[in-house]
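Student: Handing you this structure, nothing more for now.
The values are calculated or read from the model by the stated rules, or taken from the named source; none is laboratory data. From a predicted model like this one, the values you see are computed outputs, not experimental measurements. Note that each Cβ is placed from the backbone with ideal geometry, even for glycine, and that neighbours are counted across all protein chains shown. In case anyone asks, the SASA skips ligands and DNA or RNA and just uses the protein heavy atoms, side chains included. Shrake-Rupley method; radii C 1.70, N 1.55, O 1.52, S 1.80 Å.
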Amino acid sequence: MKAHPQPFVIGATGMVGGAILRRLIAEGAQPVGLSRQERQPGDGVRWVAGDLADLGGVALPPIDVVFATAPVGRVADAVPALAAAGMSRLVVFTSTSIETKWDTPDPDERAFIRDWGAGEARVIAACAAHGVGCTVLRPTLIYLEGRDRNVSRIAGLIRRFRFFPLMAGGEGLRQPVHADDLAAAAVAAAERPQAIGKIYNLPGGETLSYREMVGRIFDGLGLPRIIVPVPDWVWRAVLPVAVKVLPGLSATMATRMAKDMTFDAGPAAADLGFRPRPFRPRFRS
């Protein structure tokens, strides 16, 4: 008997990939997840051990729809092997950072973003060459309480120091989006033919100033809002010391607190029924 194609999730152990698995299972599907390590079947997921960079050596089951949250350049390189296994539809994630950080003054960050953009273009071209229907989803600031590197990092700093330093007024606008809302959009995109060949921006359900976003994180921790405005020159003076204590901190992160990073959810709402939740994170004590 010929095996029935199953949805295949690349990046299945990540916060968005894991949410996609849970939604697929809830809909009655039997998804397959790719993992670098051997995993026992469980919770309705079949696991395939393998590396995305070397799918030629992986015994892939028959697949049809593929969801990919892994680095898009690696996904682009894997398209021929995935197409050979039966992939006819790909829903892949990149980021709105391709637009907001394209000309960042940080040379390392700029190179990373340019590489990300090039990977997005390559995956679209590879899908076209192999007859695969492709949809690209670009989230804004992704969060999943306790797991992400954005909102949860801020929460960690607040827990540690009980205050948060904010450059100037922190008036730049943000639209944090929950990982599970992104999973819902991905599953919807795979089911809707009108999403083929399109790129969708996926912002969160509220547009907030950076300051208010930080305030909501205080609320989610059950702590009083203690937000301390810090002049630009102070940021730059303490940065050499701060980066040793707070990995990932940079001058560009501070200056972007005053920059708007907002996108229109209208096309995703119309085509995918995208209705993201408001930003009300809740963190465990």
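Student: Within the range 205-223, is even one residue in a strand (DSSP E or B), touching a residue at least 24 places away in the same chain (Cβ under 8 Å) and farther than 26 Å from ARG159 by Cα?
Tutor: No; the residues of the range 205-223 include none that is in a strand (DSSP E or B), touching a residue at least 24 places away in the same chain (Cβ under 8 Å) and farther than 26 Å from ARG159 by Cα.
Student: Which number in (1) free of Cβ contacts under 8 Å to residues at least 12 places away in the same chain; (2) in contact with a strand residue (DSSP E or B) (Cβ under 6 Å, 6 or more places away or on another chain); (3) open to solvent by less than 80 Å² (accessible area, probe 1.4 Å) marks the one condition that ILE20 misses?
Tutor: The failed condition is (1).
Student: Restricting to the range 37-49, what's the tally of residues that are surrounded by 14 or more Cβ atoms within 10 Å (Cβ to Cβ) and in contact with a strand residue (DSSP E or B) (Cβ under 9 Å, 6 or more places away or on another chain)?
Tutor: The total comes to 5.
Student: Please go through the range 61-85 and give me each residue that is touching a strand residue (DSSP E or B) at 6+ places or on another chain (Cβ under 8 Å), of a type outside the set (A, V, I, L, M), at pLDDT 95 or above and part of a loop (DSSP other than H, G, I, E, B), ordered by number.
Tutor: THR69
Student: Moving to a separate point now. Is it true that some residue in the range 125-132 is under 23 Å from ALA179 (Cβ atoms) and open to solvent by 80 Å² or more (accessible area, probe 1.4 Å)?
Tutor: Scanning the range 125-132, I find no residue that is under 23 Å from ALA179 (Cβ atoms) and open to solvent by 80 Å² or more (accessible area, probe 1.4 Å), so the answer is no.
Student: Just to be sure, is VAL136 at pLDDT 95 or above and in a strand (DSSP E or B)?
Tutor: It is true that VAL136 is at pLDDT 95 or above and in a strand (DSSP E or B).
Student: Please go through the range 160-173 and give me each residue that is loosely packed, with under 14 Cβ neighbours inside 10 Å and touching a residue at least 12 places away in the same chain (Cβ under 8 Å), ordered by number.
Tutor: Scanning the range 160-173 gives ARG162, GLY169.
Student: When you go through LEU34, LEU55, LEU60 one by one, which is the residue that is in contact (Cβ under 8 Å) with a residue 24 or more places away in the chain, over 20 Å from the mean Cα position of the chain (by Cα) and buried (at least 21 other Cβ atoms within 10 Å of the Cβ)?
Tutor: LEU55
Student: Okay, moving on. Does ALA70 fit the bill of being closer than 21 Å to ARG149 by Cβ, aliphatic (A, V, I, L, M) and open to solvent by less than 70 Å² (accessible area, probe 1.4 Å)?
Tutor: yes
Student: Tell me, please, whether a residue that is at pLDDT 90 or above, closer than 20 Å to VAL151 by Cα and in a loop (DSSP other than H, G, I, E, B) can be found in the range 187-201.
Tutor: no
Student: Next up: Give the range 155-182 a look and list any residue that's assigned to a strand (DSSP E or B) and more than 24 Å from the chain's Cα centre (by Cα), or say none.
Tutor: Passing the criteria: PHE164, PRO165, LEU166, MET167.
Student: Something else: Could you say which residue among ALA19, ALA53, ALA12, ALA29 is more than 26 Å from TRP116 (Cβ to Cβ) and either of a type outside the set (S, T, N, Q) or modelled with pLDDT of 90 or more (or both)?
Tutor: Answer to the check: ALA29.
Student: Related question: Could you check the range 6-17 and list, in sequence order, the residues that are farther than 14 Å from ASP180 by Cα and open to solvent by 30 Å² or more (accessible area, probe 1.4 Å)?
Tutor: The answer is GLN6, and nothing else.
Student: Output the qualifying pairs, or none if there are none: Cβ atoms under 6 angstrom, residues six or more apart or on different chains, first residue in the range 101-120 and open to solvent by less than 60 Å² (accessible area, probe 1.4 Å), second residue of a type in the set (Val, Ile, Thr).
Tutor: Final answer for the pair search is LYS101/ILE113; THR104/THR252; ASP106/THR252; GLY117/ILE98; GLY119/VAL72; GLU120/VAL72; GLU120/THR94.
Student: Can I ask one more? Any idea which residue in the range 223-268 is modelled with the highest pLDDT, counting only those that are among the charged types (D, E, K, R) and surrounded by 12 or more Cβ atoms within 10 Å (Cβ to Cβ)?
Tutor: ARG225
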